[in-house]
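Each value in this text was obtained by applying a stated rule to the coordinates, not by laboratory testing. This structure is a prediction, so every number in the text was calculated from the model and none was measured. Here the Cβ positions follow ideal geometry from the backbone for every residue, glycine too, while neighbour counts run over all protein chains shown.
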Amino acid sequence: MAINIILLGPPGAGKGTQSRRLEEERGLVQLSTGDMLRAARSSGTEMGNRVAEIMDKGQLVTDEIVIGLIRERLEGSTGAGFIFDGFPRTLGQADALRDLLAGLGQKIDAVIEMQVDDEALVERITGRFTCGNCGEVYHDKTRPTKVAGVCDACGSTDLRRRADDNEDSLRTRLLEYYKKTSPLIGYYYAAGVLHPVHGLAEIDQVAGQMAGVLDALPGKG
Ligand code: ADP
Ligand code: ADP
Ligand code: ZN
């Protein structure tokens, strides 16, 4: 049986970091709308150019665009299940996801809410860098590469910082999160699938809390 989970939390909460671990440990497939949009913008298409400007400001891209990206990826899906990372971010996206999954005879099994303090996010975001080749996520202080300038996972030297990972854009992204995304906490609580974890713990400890949630899901014991 496939399980589908959502990682919910503000920018810098640790969604991408934990998604990659879950992919490795459980064979789940990460669907990150942020990564899909970054791929779209570097492709130079008309849609890519439109979203680039919105992303750099820290605002949300339209529901229509991100739902379209997710729909393409879900079609014909088989396998262990999906980790939705950074999607849904609005109630409209949440409804659309429910309907798309229902069409495949599937559902959301768990929503993991990664609870963090806003003050910690500035440091998380301004210290973040990722591998342009394999997507591994690093941090200047909390998760540096073993050899400076070289990705631990794949050996690439293409380490990148995001244009929107600055304090100004983070402020807008946080406001967007509170206005448009945080209502999803109530939405999924009411659906009986919400599981909060303490996102300020160390990466391994957050992973442990998440494993506890997933191992306790019905049919997973
Ligand atoms: P973070 O990991 O910092 O939370 P993401 O990589 O998920 O950031 O998203 C980067 C940007 O891409 C967002 O600020 C937003 O502009 C856009 N974006 C990503 N996912 C969505 C979504 N589901 N709905 C609308 N915009 C999105
Ligand atoms: P999100 O996908 O939610 O925006 P990321 O997984 O990209 O967040 O993490 C943001 C930054 O914080 C990255 O630089 C990452 O290495 C670091 N990080 C993630 N989880 C933790 C943690 N539990 N403790 C310390 N740093 C972390
Ligand atoms: Zn790499």
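How charged is the neighbourhood of G199? Take every other residue with its Cβ under 15 Å from the Cβ of G199, and add Lys/Arg as +1 and Asp/Glu as -1.
Residues close to G199 contribute a combined charge of -3.
Select from K180, K107, K146 the residue whose mean-square fluctuation is largest in a Gaussian network model of the chain (Cα-Cα springs shorter than 10 Å).
Maximum among the listed residues: K146.
Report the local net charge at P144: Lys and Arg +1, Asp and Glu -1, summed over other residues whose C-beta lies under 13 Å from its C-beta.
Neighbour charge sum, excluding P144 itself: +1.
What is the ratio of the Cα radius of gyration of the range 67-165 to 2.2 N^0.38 Å, with N the residue count, to two decimals?
Compactness ratio reported: 1.36.
Determine the percent antiparallel among the DSSP beta bridges restricted to the chain, to the nearest 5.
Counting only bridges with both partners in the chain, antiparallel ones make up about 30 percent.
Give, as a single signed number, the net charge of other residues whose beta carbon lies under 12 Å from the beta carbon of V116, with Lys and Arg counted +1 and Asp and Glu -1.
-3
Using only helices, what value at 222 nm comes out for the chain when you add -39,500 (n - 2.57) per DSSP H run of length 4 or more and divide by the total residues, to the nearest 500 deg cm²/dmol?
-13500 deg cm²/dmol
Rounded, prolate or oblate: pick one for the range 107-158, where a ≥ b ≥ c are the square roots of the eigenvalues of its C-alpha gyration tensor, a/c under 1.5 means rounded, and failing that, prolate if a/b is larger than b/c, else oblate.
oblate
Let me make sure I get this right: for the range 46-103, a, b and c are the square roots of the gyration tensor eigenvalues over alpha carbons, sorted descending. Under 1.5 in a/c it's rounded, otherwise prolate if a/b > b/c, else oblate. Which is it?
prolate
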